[in-house]
Amino acid sequence: MSSALAALLSLGLAAAAPDAAAPTAATRVATGSGYTGHGAGSVAPELLARFAPRPLDSTLSRTIQSMLDVRAPGAGLLSDDGRRLFFSWRVTGTTQLWRLDGPDRFPVQLTGGEDATTLFAITPDGTTLVVHRDRKGEENPGLYLMPADGGALVEIQHRPGVQTAAQLLARDGRTLYFRANDLKPDAYAIYRYDLVTGARELVLDQPGLWSVHDERGGKLLLQKETGALTSEWFEWDVAGKRLAPLLGQGESEEYQVAYAAQPDELLVQTNKLGDLSRLYRWKAGALAPVTPELKWDVAGFTIDRSRTRLLYQVNEAGSTRLFALDARTYRPLPLPRLPAADHVFAGGTTSDGRSTVLSIDPGDAPSVSWVLDWKTGALKRWVVPSAPEVDTRRFVRATLEGYPARDGTIIPALVRRSARCLPAPCPVLVQFHGGPEGQVKPGFSLGKQLFVDAGFILVEPNVRGSMGYGKRWLRADDGPRRLDVITDIEDAARWARRNFAAGGVEPKVGIMGGSYGGYSTLIGMTMFAGAYDAGASNVGISNLVTFLTNTAPYRRILRTTEYGDLDRDREALVKLSPSSYIDRVKGPLLIIQGASDPRVPAGEAIQIYDALTGRGVQAELLIFADEGHGAQKRENVVQTLGRQLEFFAKTLKPAAPQAGPQPAPAAPPPSPTPR
């Protein structure tokens, strides 16, 4: 498969000529002063037709389709009796729910259709599932119940333009708490729903982005988000209907909180007391460490409903390591010998604490779901991943490297080197992650392997502002401070040209990414024009002012702490906007967008496309009418990958000779030996 893809793209397969026609009146609806709002309704039908996907080359499409058949489901939830595993899987091309009635059994599909469906909880008696369903990537999910044996979904709430999300299934198995922004678009009210009678009750309607995290003794543990990562925590007395503050009030710190096994304690994950995130026990307002002092962040934790076992995960240079503690004594508990892996994630634990689902990503094969029986110590595989016609052992594993920023700071980067690099030097693609408070991690990746197979070296930096490297690194790009570190994007290109040169010849370098990675791509091609030879932006921000003005109200609250305030920081927002540097652009751009996107409005893509083509710059725009913040449906994933592969083959690779006999291709090197 890799040789077919490399051969196809080495021919200089060209994407369709860019649509350079003058902007029409319909285009101007979503640009400049006419660009308002978000979602499919903000994009004129003429634009959806004009920028709709065109058919891919059949050979390229077939190759990508074959790769996408290599797959594995999510970790899933185990029924309390330990007999059934429920999980999400995209076998049909859209995320749906499946059930296994025992280890290594044939899975039963429970939901179907074109709308993505995900699992939230299973009732303790194992008869009912609580699920979410979203339409066209709108991120306005509805809340439903369905029989665990299969059958029709029963709607609890699904309203246009409203986010309805389950929060907590109470211990009684019939009380479900959910939140919705149906009263105000920028606030979440908390509701209680009785699964038996269907009665609902408004619990809390105070302003704020509220969520429910835990319950104990007639009280609920509530979180109120105050920023992208910061929050305040409260306790709600259910009977007395009183709200009491616990921690985080008036602070700008990160917290994740749960009730501890001891009745007067909380478990708190925070980086308040140091540069790294750590797990603490909180009692009478004082924090005492539970996890040892480490060189890495504690990335998450769970405590089972029986309050017997505490699991926490450590982000070790991007890899995920799992640890266990006795929830009552905080004494370390042994884990069974686990397969070698880049990531070990803890999934759901049964109510009695006996069994936990583990998802293990070996790095060179799809993830495998296992069930750990804590009583016997047995680790049993439940889900067998699929890899038809593909030997995943040849997949290139990421190596951790780094490049120097102009101030001497070493920026960590994961590198995947291609064995198909003829002629040298191999073109380089620098891919930036989303967030911006995200982190690129090693692990098994189909999409990344496609670019490696096509003859590209793939570099993925964790620039300043990324998670996983401590609080100072994470906050280095907050608000106007982004001006001090945005040059990490340009420095990656400078390093790539030097580091991957061959025979004194520097490679061509492209830039790509989605969401904040799409913004980084646009910055790399505008503010730092000439640093990169071509760029592909997926759902990227082109102007921080118009983005913050038009993004969904709930998102605006969370993004202001990351990018800056529209009034107070407006000058910095303009300086940090790719649209401010359109006159500098030198290389071609591919822009991909979902019409229903509530996070980055489609107007961001359309306005920069118009600005570029208005100056005669080569630009291509692709809009998915049935997607939101990134492609979810299989056919659109194929389009996204295929268009990017075409685009970079055309812009970064030398054109193939037009005539004359061609030399036979060199034999491929042997597959790398798996770890």
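The values are calculated or read from the model by the stated rules, or taken from the named source; none is laboratory data. This is a predicted model, so every value here is computed, not measured. Note that we place each Cβ from the backbone using ideal geometry, even for glycine, and neighbour counts take in every protein chain shown.
What to note about this one:
- Meets criteria (touching a residue at least 24 places away in the same chain (Cβ under 8 Å), farther than 25 Å from V390 by Cβ and either part of a helix (DSSP H, G or I) or in contact with a His (Cβ under 9 Å, 6 or more places away or on another chain) (or both)) for L47: yes
- When restricted to residues that are outside any helix (DSSP H, G or I) and touching a residue at least 12 places away in the same chain (Cβ under 8 Å), region 50-74 contains 12.
- Restricting region 136-161 to residues that are in contact with a strand residue (DSSP E or B) (Cβ under 6 Å, 6 or more places away or on another chain) and of a type in the set (A, V, I, L, M, F, W, C) leaves a set whose member that is farthest from D186 (Cα to Cα) is A148.
- Residues of region 612-626 satisfying the condition of being more than 16 Å from A536 (Cα to Cα) and out of contact with any Leu (no Cβ under 6 Å at 6 or more places or on another chain): G614, R615, G616, D626
- Residues of region 75-129 classified as under 21 Å from the mean Cα position of the chain (by Cα) and not in a loop (DSSP other than H, G, I, E, B), total: 11
- Out of R309, R354, sole residue that is among the charged types (D, E, K, R), surrounded by 18 or more Cβ atoms within 10 Å (Cβ to Cβ) and closer than 22 Å to S277 by Cβ: R309
- Test: residue in region 402-419 that is hydrophobic (A, V, I, L, M, F, W, C), over 24 Å from the mean Cα position of the chain (by Cα) and under 28 Å from L229 (Cα atoms): yes
- Matching option when the condition is touching a Lys or Arg at 6+ places or on another chain (Cβ under 8 Å) and without any contact (Cβ under 8 Å) to a residue 60 or more places away in the chain, among D125, D149, D104, D115: D115
- In region 338-381, the residues that are free of Cβ contacts under 8 Å to residues at least 24 places away in the same chain and outside any strand (DSSP E or B): A341, K375, T376
- Residue list for region 584-598, filter: assigned to a helix (DSSP H, G or I) and polar (S, T, N, Q): none
- Test: residue in region 652-666 that is modelled with pLDDT of 90 or more and under 28 Å from the mean Cα position of the chain (by Cα): yes
- Here L246, L279, L220, L267 are screened, and the one residue that is of a type in the set (A, V, I, L, M), crowded, with 16+ Cβ neighbours inside 10 Å and in contact with a Ser or Thr (Cβ under 8 Å, 6 or more places away or on another chain) is L279.
- Residue in region 376-392 that is surrounded by fewer than 20 Cβ atoms within 10 Å (Cβ to Cβ), under 18 Å from Q449 (Cα atoms) and of a type in the set (D, E, K, R) present: yes
- Of note, G37 does not satisfy the criterion of being under 30 Å from L358 (Cα atoms) and modelled with pLDDT under 95.
- Selection over region 306-333 of residues that are outside any strand (DSSP E or B) and without any contact (Cβ under 8 Å) to a residue 12 or more places away in the chain gives a count of 2.
- Unique match (being within 29 Å of R90 (Cα to Cα), among the hydrophobic types (A, V, I, L, M, F, W, C), under 20 Å from the mean Cα position of the chain (by Cα) and modelled with pLDDT under 95) among F432, F444, F451: F444
- Any chance R406 is among the basic types (K, R), surrounded by fewer than 18 Cβ atoms within 10 Å (Cβ to Cβ) and not in a loop (DSSP other than H, G, I, E, B): no
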